[in-house]
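Structure first, commentary second.
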Amino acid sequence: MLQPISLPRNLDARPIPTTIHAMVHDLRCRIEAFQDRWDVPQIEQFVAADYELVYQTLDWLRESQMMIGNRFLEWGCGFAAVTLIADSLGWDCIGIESESTLLTHGHQTVADWCQTLRSNDDVTSNHTATLSAVPELVRGNFLPTGSESLADDPTLPSLGHDTENAYRKLGLELDDFAVVYSYPWPGEDEFHELVFDRHAARGAILVQFCGPNDVRAWRAVSNP
Ligand SMILES: C[S@@+](CC[C@H](N)C(=O)[O-])C[C@H]1O[C@@H](n2cnc3c(N)ncnc32)[C@H](O)[C@@H]1O
């Protein structure tokens with residue numbers, strides 16, 4: 001089962017490093033330009049989250065919660081903003097995305113911002129800079145094999161992605177990750193929770209951005 005982690009009320013007052021602000025600003029401009037293009041098909045499933053609030057949440061979780069490991073996974077990474085935020089906080093990060101166009105933008109984000117974030121003391125001062133490999137972005141489906149059947153609505157946007165199972169490509173399983181981040185479409189938050197509960201390791205944490213001022217965190221625990 002999933003146990004809610006109670007997030008502090010003043011989460012949005014937590015400081016955000018200048019370099020994180022700069023990356024978020026840059027990515028918002030890129031995302032806006034991408035969404036304004038009239039000559040390429042729009043990817044309606046891609047919506048940017050409130051990256052400042054996600055940073056504040058992840059920073060707080062990292063500081064206050066027991067972690068069962070150091071692997072972080074972003075479900076549907078898009079431009080990979082959250083993958084890079086988690087990398088800057090010291091996790092070993094992987095992002096999975098089904099859309100190849102978005103993945104290209106994600107790779108560009110890693111190329112343009114990873115070293116800048118890592119080399120700034122204002123970003124990495126809170127953790128020892130044992131930063132390992134750069135984040136890995138993988139094209140594929142973030143739903144583990146068989147998990148689509150947990151959905152009670154066949155129209156949920158996370159379903160029906162005709163791409164290879166990403167875990168097979170990675171040689172990992174969902175239960176190899178200590179933290180998973182997702183931005184579910186309205187109405188599919190419960191489905192993401194069910195998938196996480198079914199496949200994640202006990203003790204792993206699910207972080208969801210569900211809309212403005214609505215960020216949630218859960219820990220997978222054994223049934224009583
Ligand atoms: C609401 S967007 C969130 C993007 C990003 N995580 C963020 O917070 O900015 C959801 C993303 O998940 C991707 N996606 C949806 N279902 C997927 C699936 N089953 N496998 C891989 N990617 C998926 C979409 O293409 C889209 O980029």
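Each row is one residue, and each column tells you yes or no for (1) within 12 Å of the ligand (Cβ to nearest atom); (2) open to solvent by less than 10 Å² (accessible area, probe 1.4 Å); (3) in a strand (DSSP E or B); (4) not charged (D, E, K, R).
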{"position": "7", "(1), (2), (3), (4)": "no, no, no, yes"}
{"position": "12", "(1), (2), (3), (4)": "no, no, no, no"}
{"position": "21", "(1), (2), (3), (4)": "no, no, no, yes"}
{"position": "61", "(1), (2), (3), (4)": "no, yes, no, yes"}
{"position": "67", "(1), (2), (3), (4)": "no, no, no, yes"}
{"position": "102", "(1), (2), (3), (4)": "yes, yes, no, yes"}
{"position": "106", "(1), (2), (3), (4)": "yes, yes, no, yes"}
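Checked against (1) in a loop (DSSP other than H, G, I, E, B); (2) of a type outside the set (S, T, N, Q); (3) loosely packed, with under 15 Cβ neighbours inside 10 Å, residue 16 passes all but a single condition, namely (3). Somewhere in segment 70-81, is a residue surrounded by fewer than 23 Cβ atoms within 10 Å (Cβ to Cβ), hydrophobic (A, V, I, L, M, F, W, C) and under 21 Å from residue 176 (Cα atoms)? Among the residues of segment 70-81, not one is surrounded by fewer than 23 Cβ atoms within 10 Å (Cβ to Cβ), hydrophobic (A, V, I, L, M, F, W, C) and under 21 Å from residue 176 (Cα atoms), which makes the answer no.
Report whether or not residue 173 is open to solvent by 30 Å² or more (accessible area, probe 1.4 Å), within 18 Å of residue 135 (Cα to Cα) and of a type in the set (D, E, K, R). Taking the combined requirement at face value, the residue satisfies it. Could you say whether any residue in segment 118-136 is under 23 Å from residue 188 (Cβ atoms), touching a strand residue (DSSP E or B) at 6+ places or on another chain (Cβ under 8 Å) and of a type outside the set (A, V, I, L, M)? Taking every residue of segment 118-136 in turn, none turns out to be under 23 Å from residue 188 (Cβ atoms), touching a strand residue (DSSP E or B) at 6+ places or on another chain (Cβ under 8 Å) and of a type outside the set (A, V, I, L, M). Can you tell me which residues in segment 201-224 are assigned to a loop (DSSP other than H, G, I, E, B) and either closer than 14 Å to residue 49 by Cβ or touching a strand residue (DSSP E or B) at 6+ places or on another chain (Cβ under 8 Å) (or both)? Once the filter is applied, which keeps residues that are assigned to a loop (DSSP other than H, G, I, E, B) and either closer than 14 Å to residue 49 by Cβ or touching a strand residue (DSSP E or B) at 6+ places or on another chain (Cβ under 8 Å) (or both), segment 201-224 yields 201, 202, 203, 204, 212, 213, 221.
Only one of 198, 202, 139 is within 13 Å of the ligand (Cβ to nearest atom), among the basic types (Lys, Arg), open to solvent by 40 Å² or more (accessible area, probe 1.4 Å) and over 14 Å from the mean Cα position of the chain (by Cα). Can you tell me which? Spell out how you get there, then give the answer.
Working: 198 fails: within 13 Å of the ligand (Cβ to nearest atom); 202 fails: within 13 Å of the ligand (Cβ to nearest atom).
When all the criteria are applied, what remains is 139.
Among the residues of segment 116-127, is there at least one that is open to solvent by less than 20 Å² (accessible area, probe 1.4 Å), touching a helix residue (DSSP H, G or I) at 6+ places or on another chain (Cβ under 8 Å) and at pLDDT 95 or above?
Taking every residue of segment 116-127 in turn, none turns out to be open to solvent by less than 20 Å² (accessible area, probe 1.4 Å), touching a helix residue (DSSP H, G or I) at 6+ places or on another chain (Cβ under 8 Å) and at pLDDT 95 or above.
Just one of the listed residues (221, 180) is at pLDDT 95 or above, surrounded by 22 or more Cβ atoms within 10 Å (Cβ to Cβ) and not small (Gly, Ala, Ser), and it is 180. For segment 145-170, filtering for residues that are under 23 Å from residue 101 (Cα atoms), within 9 Å of the ligand (Cβ to nearest atom), open to solvent by 60 Å² or more (accessible area, probe 1.4 Å) and not in a loop (DSSP other than H, G, I, E, B) leaves 0.
The values are calculated or read from the model by the stated rules, or taken from the named source; none is laboratory data. Computed from a predicted model, the values in this text were never measured in an experiment. Every residue, glycine as well, gets a Cβ built from its backbone with ideal geometry; the counts of neighbours run over all protein chains shown. All accessible areas refer to the heavy atoms of the entire protein, side chains included, with ligands and DNA or RNA removed. Shrake-Rupley method; radii C 1.70, N 1.55, O 1.52, S 1.80 Å.
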